[in-house]
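Written out below as structure tokens is the structure these notes cover.
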Amino acid sequence: MSHKIAPSLLSADFLNLQADIEMVNNSDADWFHCDVMDGSFVPNISFGFPIIKQIGKIAKKPLDVHLMIVNPDQYIPVVKDAGAYMMNVHYEACVHLNRTVSAIREAGMKAGVTLNPHSPVWLLEDILEYVDMVLLMSVNPGFGGQKFIEYTLGKVSRLKEMIEKKNLRTLIEVDGGVNLETGKRLVDAGADVLVAGNAIFGDANPAEMIHKLKSLV
């Protein structure tokens, strides 16, 4: 299966957001990655659900909504209403993760679980079969443009082994410091979805960069 590319709108030009969305619509990208930050779980604030709902009106590709917030459970109906395909919550933010994952799927969305860089993949051993995707953060969440954390590659490999051992189809997504060089190594390690922000929107030809990332083999 070819890997997916999910451009992170956190790095888009918010004065020309519609133009950047249309660029992604017409590119080789597979999803839109939308980061929601609350200034509490992570030390930054991004955009909220009204913006995501507007994005959804013109996006022609699924919305991968990544909640970097406390108490994500209470926003499941709002995320669904905003048009999300995938609702991604942090392991570290969920007291009752099984309940949260079940509620996301019952709402009609795919359920993703994110692990911060310090969280080992074995924490998801018992819940992996109920999760559609695991997002491994390869930087500390909260800000774009950070340096890729090298030990993420080992985490991808270990998680891939867990998934294959259980004969599951759970996707592995990686977010943080993804570019052509790190992206190639991540795909080789077993990543299924690459989230890229600065590498795409900071390039002189974002659509061409998406094509290059999609073409990594």
Identify the residue in the stretch 74-111 that is touching a Gly at 6+ places or on another chain (Cβ under 9 Å) and outside any helix (DSSP H, G or I) and, among all such residues, is surrounded by the most Cβ atoms within 10 Å (Cβ to Cβ).
N88
Can you tell me which condition E92 does not meet? The list is (1) farther than 18 Å from D175 by Cα; (2) under 17 Å from the mean Cα position of the chain (by Cα), and all the others hold.
(1)
Return the residue satisfying two criteria in turn: it lies in the stretch 162-196 and is closer than 24 Å to A19 by Cα and modelled with pLDDT of 95 or more, and of such residues it is surrounded by the fewest Cβ atoms within 10 Å (Cβ to Cβ).
L180
Which of the residues belonging to the stretch 147-156 are surrounded by fewer than 15 Cβ atoms within 10 Å (Cβ to Cβ) and either at pLDDT below 95 or in a helix (DSSP H, G or I) (or both)?
K147, G154
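Has the stretch 136-150 got at least one residue that is among the charged types (D, E, K, R) and within 20 Å of R169 (Cα to Cα)?
No, every residue in the stretch 136-150 fails to be among the charged types (D, E, K, R) and within 20 Å of R169 (Cα to Cα).
A quick yes/no check of all residues on (1) out of contact with any Pro (no Cβ under 7 Å at 6 or more places or on another chain); (2) buried (at least 17 other Cβ atoms within 10 Å of the Cβ); (3) modelled with pLDDT of 95 or more; (4) outside any strand (DSSP E or B):
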{"site": "D20", "(1), (2), (3), (4)": "yes, yes, yes, yes"}
{"site": "V42", "(1), (2), (3), (4)": "no, yes, no, yes"}
{"site": "P50", "(1), (2), (3), (4)": "yes, no, no, yes"}
{"site": "K60", "(1), (2), (3), (4)": "yes, no, yes, yes"}
{"site": "H66", "(1), (2), (3), (4)": "yes, yes, yes, no"}
Please go through (1) touching a residue at least 12 places away in the same chain (Cβ under 8 Å); (2) buried (at least 16 other Cβ atoms within 10 Å of the Cβ); (3) not in a strand (DSSP E or B) for Q54 and return the number of the only condition it doesn't satisfy.
(1)
Taking the residues in the stretch 157-198 that are basic (K, R) and outside any helix (DSSP H, G or I) as candidates, determine which candidate is farthest from M86 (Cα to Cα).
K166
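The values are calculated or read from the model by the stated rules, or taken from the named source; none is laboratory data. Everything quoted here is computed from the prediction, not taken from an experiment. Note that we place each Cβ from the backbone using ideal geometry, even for glycine, and neighbour counts take in every protein chain shown.
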